[in-house]
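Notes to accompany the following structure.
The values are calculated or read from the model by the stated rules, or taken from the named source; none is laboratory data. In this text the structure is predicted, and so the values were computed from the model without any measurement. Virtual Cβ from ideal backbone geometry, glycine too; neighbours counted across all protein chains shown. Ligands, DNA and RNA are excluded from the accessible area calculation, which covers all protein heavy atoms including side chains. Shrake-Rupley method; radii C 1.70, N 1.55, O 1.52, S 1.80 Å.
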Amino acid sequence: MIIKCIIIDDEPLAIKVIESHLASFKNIELLGAFNNPLEALEIIEQGQLDAMFLDINMSEMNGLDFIKNSRHDYQIIITTAYREYAVESFELDVLDYLVKPIPFNRFLKTINKLSQVINQNQSKKDGYDGNKEPFIFLKVDKKLVKILLKDILYIESLKDYIKVITQQGSYLVHKSLTGITEELPNSNFIRVHRSYTIAIDKIQAVEGNQVEINSKKIPIGRNYVKHVKDTIFSNNKNLHT
């Protein structure tokens, strides 16, 4: 699914940075960049917008005031140089809050979050479609790789990297286990150890404080045991030790 978005920001350099980041994603279509919300009204009113990258402090109109005074069914990502508006922004139900200068790795997290929300909303509208299965982008060897969430078996932490093991193979990614776990839906992914996050539906067996996935025995950390087992057995009614 192609995600259609616009940028609203009165700083040319800020627009260029976001445009450059967006160019890395084939599933994102940039419909335009505008200096203030008033300039963007025509394209907004067409009703084809999926997401908006919105600055706060602009000369013609404050971004937060625009949100408060407009009805919208698209996702809003705040892009600003100021951290102090984060609480107010999230109270207005924005999808994410990016502080300038926006590093690509942080931007990637936002796009993954946006893609999941858009796909989930679309699935609710028209039912399951194999072409709209949830996915995540991972930066592997300077290349963005699209991985379907249903293909992930487990993720292992390797110091400053993680290894994402899928049904097709494994990927080494410069990212923290905490970071990747936060990006995955907790309905099917759970951290079981300081070094492992697993896909709950891929568990083949539970033995003591270990789970088995694809013949790999993965330990359950002492501090994770109760939560992990409660979650596993609430999701796998037919699974027994």
Specify the angular offset, from 0 to 90 degrees and rounded to the nearest 10, of the alpha carbon long axis of helix 12-22 from the longest principal axis of the alpha carbons in the chain. 30 degrees
For the chain the mean separation of alpha carbon contacts under 8 Å (6+ apart) over residue count, i.e. relative contact order in percent, is 10 percent
Under a 1.4 Å probe, counting only protein heavy atoms, F233 has an accessible area in Å², nearest 10, of 60 Å²
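With an 8 Å cut-off on Cα pairs and a minimum separation of 6 or more residues, tell me the relative contact order of segment 58-103 in percent.
The normalised contact order for segment 58-103 reaches 39 percent.
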Given a Förster distance of 22 Å, the FRET efficiency implied by the Cβ-Cβ spacing of V99 and D10, rounded to the nearest 0.05, works out to 0.85
Under 10 Å, Cα contacts only: if you run a Gaussian network model on the chain, which one of T231, T79, T181 comes out with the highest mean-square fluctuation? T231
Label model pair S20, E60: point-to-point distance (7 angstrom along the Cα→beta-carbon line) in nm is 2.6 nm
With a Förster radius of 35 Å, plug the Cβ-Cβ distance of R71 and T178 into 1/(1 + (r/R0)^6) and report the FRET value to the nearest 0.05. 0.45
Taking 0.36 nm per residue of separation between V145 and K226 and subtracting their Cα-Cα distance, the length gained on full extension comes to 25.7 nm
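Before I look further, what does the chain give for accessible area per residue, probe 1.4 Å, in whole square angstrom?
Numbers: 13150 Å² over 241 residues.
Result: 55 Å² per residue.
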Of the listed pairs K26/K109; K113/K226; K163/K202; K26/K202, which have alpha-carbon separations greater than 19 Å here? K113/K226; K26/K202
What GluC sites (Glu not before Pro) does segment 18-76 have in DSSP loop regions with at most 16 other beta carbons within 10 Å? E60
Label points 7 Å out from Cα along the Cβ direction at L158 and Q204: separation in nm? 2.2 nm
Everything considered on the Cα gyration tensor (a ≥ b ≥ c; rounded for a/c under 1.5, else prolate if a/b is larger than b/c, else oblate), segment 96-197 must be described as oblate
